[in-house]
Each structure stands twice: as structure tokens, then as C-alpha cells.
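First comes the structure, then the notes that go with it.
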Amino acid sequence: MIRKVVLPVAGLGTRMLPATKAVPKEMLCLINKPAIQYIVEEAVASGIKEFIFVVSRNKEAILDHFDLSPELEAELEAKGKKNLLEEVRKVSRLIESLSAVRQKKPLGLGHAILVAAPLVGNEPFGVLLGDDIVDAEEPCLKQLIRAAEELWAPVIAVEHLPREEVSRYGVISGKKVQEGLYEIEDVVEKPRPEEAPSELAIIGRYVFFPSIFEYLERLSPGAGGEIQLTDAIATMAREGHKIYALEFRGTRYDTGNKEGFVKATVALALKDPELGPKLRDFLRNLL
Ligand code: G1P
């Protein structure tokens, strides 16, 4: 049973400056929900009960968002704004157990996960990166959890992308086990398109077993002085420790850059029963 997730949210969000000068990038809004809420909702829909946020300074707004807001609730109640009150309460009820741990220096994604180790303890856990929002019938994390529980091994999500796009991601090579499932043999972080070992890019969803911590601890800082999660996955695979990649079913948006953020906003708004029809007409006229 996978009950816990780690959410590394300590990044600076430089690709979205100046919006992220004073507001954590995870709190940027798609329609009327901050990006991080979509991520948390996916985890909740995947059966997760315990959330471990890895934060840096100036990220308190993320934790506040999922906490109670007694003054706001009292105000909405007094004014009889029942729907809004319900909306606000729903957010604070999403997370049963929330803890946060500080990553004092930006030493990489691998380091962020290592910082969460004492809170994770000795059990398998999920990791969700805030930039990737996945729209899927079965939540993306749930797809990974099902596979990990069946294989009793770590599973990470990958997406088949055009070769010229894979340089923004970790790229796997592996042995096909069945349709959409690979046993990972190697991983390269952000390869040049011509050097990429495949067109299967890692997206920000992972299920790990506690063994990942031993691999992370052994790593010395890689590119940019950072401890790369990809290096730990690669070492695991090279040493013959089974780790799988699953091509998830669904649509992913990379909201960590301007183009992906706008695309996600438009796509989500078009799916919204209230906004969709109006927006469709508006976009048609505009084009
Ligand atoms: C990180 C990982 C990379 C992965 C990506 C998914 O990169 O290092 O392997 O493909 O997340 O979004 P980042 O986006 O932090 O540069």
C-alpha cells in the first residue's frame, strides 16, 4: 500500500519570472486553482493520505493553501456565501496529514528527496513534480501505483515525445516488457536530441522504494553541483536493481514554462462545463 508522497516544491521557478518573484511558482493559478492543487488532487484521487512537502524559504503560501482559514470561513459564513465556503473548506480537507521539511540550499531534485527521507521512513512512496499537470481518466500516479504494487518494484512515468523535445527531460533506455512498460537499463539527463537513447522522456511522477535513498546518499554532486535524481535511477538500473518505466495514459502539460502554462490553462478551461462553451466561441472569433 502506498500512502505517502513527497512533493519537492523548493525550486525558484525562474522560467516563470517575473510572476515568481514573490509568489511561489506552485501557487500560479490555472483558471481559479493554483497549480499545486491539481497535483494534490491527483494524489488524493490515487489514494494518498500523507503529504510531505519539501520547501524552501518563501514557500509558506503553499502550506497555508491546504490549511484551515478560519477568518475567511467565518466571513463567508456570516455573508451566507455557501458555495464559496464549501469550495474553501474542500481545499483544507484535501490533505489528511501534511508535513513540510526545508531544503536549505537548491542542491537538486535528488537532494530534495533525500531531505524527505526521515519523514518517508521505510516504505514505498510517490513523488510528484509540480510543473507537470496530467489530465487523465485514471490519475497518472494511480497508474504508477498499480504497476508498482503488481511488479513490487519502483516505476516512473514516461512519455513518448518528438526527438527534438526530449532534451528538456531525463530520457530512458530499456527493454520492453509489455506494451507501454519497460525495464529501465539506463537514463540520461537532458541529452542532446541526437544523443538521446530513446524518445521516452521522464515526466514528474515516480513511485520509489526506500532503496532509492541509499543510491541518493552514495551520489556525489553532478552537473551544477546538484544531486540528480536521474543519476540515482541510472545507478540502480546499471547495478541490476529492477526499475520500470510506464507510458502513462493521459495528457500532460508542462506548466513550468510560459507556453505549457498557457496551453494547460486553455485546455482545462475548454473542459470546464461552465467556461468551455463560452471560451470555444471566443477562441473561434479570435482566430
Ligand atoms: C526534472 C528531472 C528530469 C525529468 C523532469 C520532468 O527536471 O531532472 O529527469 O524529466 O523533471 O519534468 P527539471 O524539470 O527539474 O529540469
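To the nearest 10 degrees, how steep is helix 229-238 against the longest Cα principal axis of the chain, on a 0 to 90 scale?
Approximately 30 degrees, to the nearest 10.
Note the angle between two axes, namely the Cα long axis of helix 140-151 and the longest principal axis of the Cα atoms of the chain, as a number of degrees from 0 to 90, rounded to the nearest 10.
Once rounded, the angle reads 40 degrees.
Could you rank T235, T255 by how accessible they are, 1.4 Å probe, largest area first?
Values: T235 35, T255 10 Å².
Greatest to least solvent exposure: T235, T255.
When the convex hull of the Cα atoms of the range 135-287 is projected onto a plane and the area is averaged over all directions, what value comes out in nm²? Mind dumping the intermediate values first?
On the way: hull surface 44.5 nm².
Result: 11.1 nm².
Counting only DSSP beta bridges with both residues in the range 1-111, tell me the antiparallel percent, nearest 5. Before the final figure, lay out each step's value.
On the way: 2 of 13 bridges.
Counting only bridges with both partners in the range 1-111, antiparallel ones make up about 15 percent.
Of all accessible surface on the chain at a 1.4 Å probe, what whole percent is carbon and sulfur?
Values: 7760 of 14750 Å².
About 53 percent, which is the carbon plus sulfur part of the accessible surface.
Antiparallel as a % of all DSSP beta bridges within the chain, to the nearest 5?
Working: 27 of 45 bridges.
Looking only at bridges with both residues in the chain, the antiparallel portion is about 60 percent.
I need the shape label for the chain. Rule: rounded when a/c is under 1.5, else prolate if a/b > b/c, else oblate, with a, b, c from the alpha carbon gyration tensor. Intermediate values should be presented prior to the final figure.
Values: a/c = 1.71, a/b = 1.37, b/c = 1.24.
Prolate, because a/c is 1.5 or more and a/b exceeds b/c.
What order, most packed first, do the peptides 60-66, 2-8, 15-21 have when packing is the mean number of other Cβ atoms within 10 Å of each residue?
Values: 60-66: 16.4, 2-8: 22.7, 15-21: 13.4.
Averaged packing, sorted descending, gives the order 2-8, 60-66, 15-21.
Quick check: from the Cα gyration tensor, does the range 97-194 come out rounded (a/c under 1.5), prolate or oblate? Show your work: numbers first, answer last.
Working: a/c = 1.74, a/b = 1.25, b/c = 1.39.
Oblate, because a/c is 1.5 or more while a/b does not exceed b/c.
With every protein chain left in place and a probe of 1.4 Å, what is the accessible surface of K190, to the nearest 10 Å²?
Accessible area, nearest 10 Å²: 110 Å².
Considering the Cα trace of the range 63-150, what is its radius of gyration and what is Dmax, both in angstroms?
Radius of gyration, then largest Cα-Cα span, for the range 63-150: 17.5, 51 Å.
For the chain, what does -39500 (n - 2.57) per DSSP helix run (n ≥ 4), summed and divided by total residues, give at 222 nm, in deg cm²/dmol to the nearest 500?
Numbers: 11 runs with 105 residues, N = 287.
Value at 222 nm, helices only, nearest 500: -10500 deg cm²/dmol.
Which whole-percent values make up P(r) of the range 34-189 when all C-alpha to C-alpha distances are grouped in 10 Å steps starting at zero?
8, 30, 35, 18, 7, 2, 0
How would you order 123-132, 156-165 from highest to lowest mean count of nearby Cβ atoms within 10 Å? Intermediate values should be presented prior to the final figure.
Working: 123-132: 23.1, 156-165: 17.6.
Per-residue mean Cβ counts within 10 Å order the peptides as 123-132, 156-165.
What number, in nm² with one decimal, is the all-direction average of the projected area of the convex hull of the alpha-carbon atoms of the range 157-222?
Details: hull surface 20.5 nm².
Here the figure is 5.1 nm², rounded to one decimal.
Report, ordered by chain and residue number, the lysines lying within cross-link reach of K105, taken as a straight Cα distance under 30 Å and ignoring same-chain residues fewer than 8 apart.
List returned: K4, K21, K25, K33, K49, K59, K190, K258.
Expressed as an acute angle from 0 to 90° and rounded to the nearest 10, what is the orientation of the C-alpha long axis of helix 276-286 relative to the principal long axis of the chain?
Taking the Cα atoms of the chain, the angle to 276-286 is about 80 degrees.
Using mean Cβ contacts within 10 Å as the protection proxy, how do 40-53, 209-222, 93-106 order, highest first? Before the final figure, lay out the partial values.
Details: 40-53: 20.6, 209-222: 16.1, 93-106: 14.4.
Taking the mean over residues of other Cβ atoms within 10 Å, the ranking is 40-53, 209-222, 93-106.
The values are calculated or read from the model by the stated rules, or taken from the named source; none is laboratory data. Since the model is a prediction, treat every value here as computed from it, not as a measurement. We place every Cβ from the backbone using ideal geometry, glycine too, and count neighbours over all the protein chains shown. Protein only, heavy atoms only, side chains kept; ligands, DNA and RNA dropped before computing areas. Shrake-Rupley method; radii C 1.70, N 1.55, O 1.52, S 1.80 Å.
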